[in-house]
Amino acid sequence: MKLSKMHLRTLREVPSEAEIPSHVLLLRAGMIKKIVSGVYGFMPLGYRSLRKIEGIIREEMDRAGGQEINMSAIQPAELWQESGRWYAYGPELWRLKDRSGRDFCLGPTHEEIFTDIVRNEVSSYRQLPLNLYQIQHKYRDEARPRFGLMRSREFIMKDAYTFDKSYEDLDKSYDTMYGAYERIFNRCGLTYRAVEADTGAIGGSNSHEFTALSEVGESEVAYCEKCNMAATSERAECLDAPAEDCEMLALEEVLTPGTKTIEDVANFLGLPQSRTMKALLFVTYNQEGKEDGYVAAFLRGDRELNKTKLVNALGIPEHALEFADEEKMGAETGCVGGFTGPMGLRNCKIAVDSELLGIKNLCTGACKLDHHVKNVNYGRDYEADIVADLKMLKEGDPCPVCKNPVKYARGIEVGQIFKLGTKYSESMGACYKDENMEEHHIVMGCYGIGVTRTLAAIVEQHHDGDGILWPVSVAPYHAIITIVSSGEPAQESLAEEVYDELVAAGVEALLDDRSERAGVKFKDADLLGIPVRITVGKKAGEGIVEYKLRRSPANEEVDRAEAVRRAIEFVNKEK
């Protein structure tokens, strides 16, 4: 492809709305175009890379036994109501009505559609196992779309669904897809971790998230260097402090004026924060969006609440839990902002972190302004409606597997796989008959890859101060031939010959024949990140060109035939 014929507009200035490298570089390189907030289109070079990622995914999905189909993004509300997710998915579900008033949504995922297909078309064990997938546009009404392709309102996703006869067969399908994901992300040139993850609104019993390591990522991953423990911050389990075997002391109410924070009360009473109890107050909402009740969550004062764990313990969607208005909640429950404890609360669900059951003689709020109570003990002084691990695993905390200190890393979620079990087949009646004509629910798995997010993650991991450093496997083109002086016959002739030879050998090549200054062409070549650059300049008459890899500072003069040979060898090895 000749750049003089290509629709390409690169930018010298950093776009004002771009905050992270992938967003900046994809916009500057003219690879994506913002339509509105959270919605992007793909221009020629960006679309080529996107299709290469899709191609890798298709190859590995087909290799894993998947069959590609394509369903509509418009989904009827009845299917989501049948599965129970019309409410559970929350405000991110993009709802709409047709002219007759019938409810629909723009699909953020397709569990309901695929389950509906299978329940209507699969009836016998002989038709299982089955693996169906699609690569398709998805929609989520993000409250705060940001970071370009990282968190957008429209995106491209590969979603696959397996259908099996048993949980043992599901384990096999899950392992097969796990391996396919490893090959996909390896081929895309990503450095990643596969970690245990929360199942969220998708549901199911088990999940792994594939996280591309990056400091700009929104996922936090806890991991242990001494064992194989790795999990997202939402999923990571915490070890409780060892239970204490000591005498329960008598309750003691103390005056603690103005001490509304854990730090304040600990300092006032001369206690470590680990000897205090923290209260967090929430209100829950029902399916109609109306207030449904109050929750008081308690954990050790130096701990941080893991809201995902609390939501899971309550068995409600994340959007159905918000921090409460303390004054309003106080009138109903007896809590007092900054001075709330578990004793004396009414009309309120009490959730207690499991660690508190073994810790003796803690200090907590007295549900009385400017007062706390010392020597509070679980069982004697208060009890809970829910006891669960509610705390966040922090860096340096003991690993829940081997007890060595854990570390944290940030990353970009590029894929996630789920063991759904019978969550959807039970609610939607997807069954098969076995050899004895007995009916069983189909056992399902779900497997997603954010295709557009993977594109952004690749750029986050592969760039420098001058532009993108595409891995050959996903580069829009493999090589770029730059003519230093367009209009100079010897340079143009030699560049054309090199271009033709590369293309004939299967190397995807660009020919920069634009009437631009050499400096502009070199800057664009670096910005676009094409892996191989061959520069045709003053020594064209001698058959000498400059050969350079984008990822290397070395720039070497070689014979044109040698440059072609090296480029072909490099591309064939890397792609």
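The values are calculated or read from the model by the stated rules, or taken from the named source; none is laboratory data. Being a predicted model, the structure only gives us computed values, none of them experimental. Glycine gets a Cβ as well: all are built from the backbone with ideal geometry, and neighbour counts include every protein chain shown. Accessible surface is based on the protein model in full, side chains and every heavy atom, while ligands, DNA and RNA are left aside. Shrake-Rupley method; radii C 1.70, N 1.55, O 1.52, S 1.80 Å.
The helices (runs of 4 or more DSSP H) located wholly in segment 10-118 that include 3 or more residues which are open to solvent by less than 50 Å² (accessible area, probe 1.4 Å) and farther than 30 Å from residue 467 by Cβ occupy 77-83, 85-88.
Of all residues in segment 248-270, those that are part of a loop (DSSP other than H, G, I, E, B), touching a residue at least 60 places away in the same chain (Cβ under 8 Å) and either among the basic types (Lys, Arg) or surrounded by fewer than 12 Cβ atoms within 10 Å (Cβ to Cβ) (or both) total 4.
Of the candidates 406, 401, the single residue that is under 30 Å from residue 357 (Cβ atoms), open to solvent by less than 20 Å² (accessible area, probe 1.4 Å) and either among the β-branched types (Val, Ile, Thr) or in contact with a Gly (Cβ under 7 Å, 6 or more places away or on another chain) (or both) is 406.
Listed residues 152, 166, 173; which is over 17 Å from the mean Cα position of the chain (by Cα), small (Gly, Ala, Ser) and surrounded by 16 or more Cβ atoms within 10 Å (Cβ to Cβ)?
The conditions single out 173.
Taking the criterion of being over 20 Å from residue 108 (Cα atoms) and assigned to a loop (DSSP other than H, G, I, E, B), the residues of segment 174-201 that qualify are 188, 189, 190, 191.
Determine if segment 548-568 includes at least one residue that is under 25 Å from residue 11 (Cβ atoms), basic (Lys, Arg) and touching a strand residue (DSSP E or B) at 6+ places or on another chain (Cβ under 8 Å). Among the residues of segment 548-568, at least one is under 25 Å from residue 11 (Cβ atoms), basic (Lys, Arg) and touching a strand residue (DSSP E or B) at 6+ places or on another chain (Cβ under 8 Å), which makes the answer yes.
Considering only residues in segment 474-490 that are under 29 Å from the mean Cα position of the chain (by Cα) and of a type in the set (A, V, I, L, M), the one that is surrounded by the most Cβ atoms within 10 Å (Cβ to Cβ) turns out to be 475.
Sub-9 Å Cβ pairs linking a first residue in segment 74-94 that is touching a residue at least 60 places away in the same chain (Cβ under 8 Å) and aromatic (Phe, Trp, Tyr) to a second residue that is open to solvent by less than 30 Å² (accessible area, probe 1.4 Å) and outside any helix (DSSP H, G or I), at least 6 apart or interchain, are 87/317; 89/105; 89/108; 89/109; 89/317, ordered by first then second residue. Filtered by the rule that a residue be assigned to a strand (DSSP E or B), of a type in the set (Gly, Ala, Ser) and within 27 Å of the chain's Cα centre (by Cα), segment 277-335 gives no residues. Checked against (1) of a type outside the set (Phe, Trp, Tyr); (2) surrounded by fewer than 18 Cβ atoms within 10 Å (Cβ to Cβ); (3) at pLDDT 95 or above, residue 515 passes all but condition (3). When residue 301 is tested against (1) in contact with a helix residue (DSSP H, G or I) (Cβ under 6 Å, 6 or more places away or on another chain); (2) open to solvent by 70 Å² or more (accessible area, probe 1.4 Å); (3) among the small types (Gly, Ala, Ser), exactly one condition is not met: (2).
In segment 546-575, the residues that are assigned to a helix (DSSP H, G or I) and modelled with pLDDT under 95 form Cβ pairs under 8 Å with partners that are of a type in the set (S, T, N, Q) and open to solvent by less than 80 Å² (accessible area, probe 1.4 Å), at six or more places apart or across chains, as follows: 574/473. Filtering segment 532-575 to residues that are farther than 24 Å from residue 517 by Cα and touching a helix residue (DSSP H, G or I) at 6+ places or on another chain (Cβ under 8 Å) leaves 564, 567, 568, 570, 571, 574, 575.
Looking at 423, 391, can you tell me which residue is open to solvent by less than 30 Å² (accessible area, probe 1.4 Å) and in contact (Cβ under 8 Å) with a residue 24 or more places away in the chain? Please lay out each step first, then the result.
Working: 423 fails: open to solvent by less than 30 Å² (accessible area, probe 1.4 Å).
It is 391.
Only a single item in (1) under 30 Å from residue 110 (Cβ atoms); (2) out of contact with any Pro (no Cβ under 8 Å at 6 or more places or on another chain); (3) modelled with pLDDT of 90 or more is not met by residue 204, and it is number (3).
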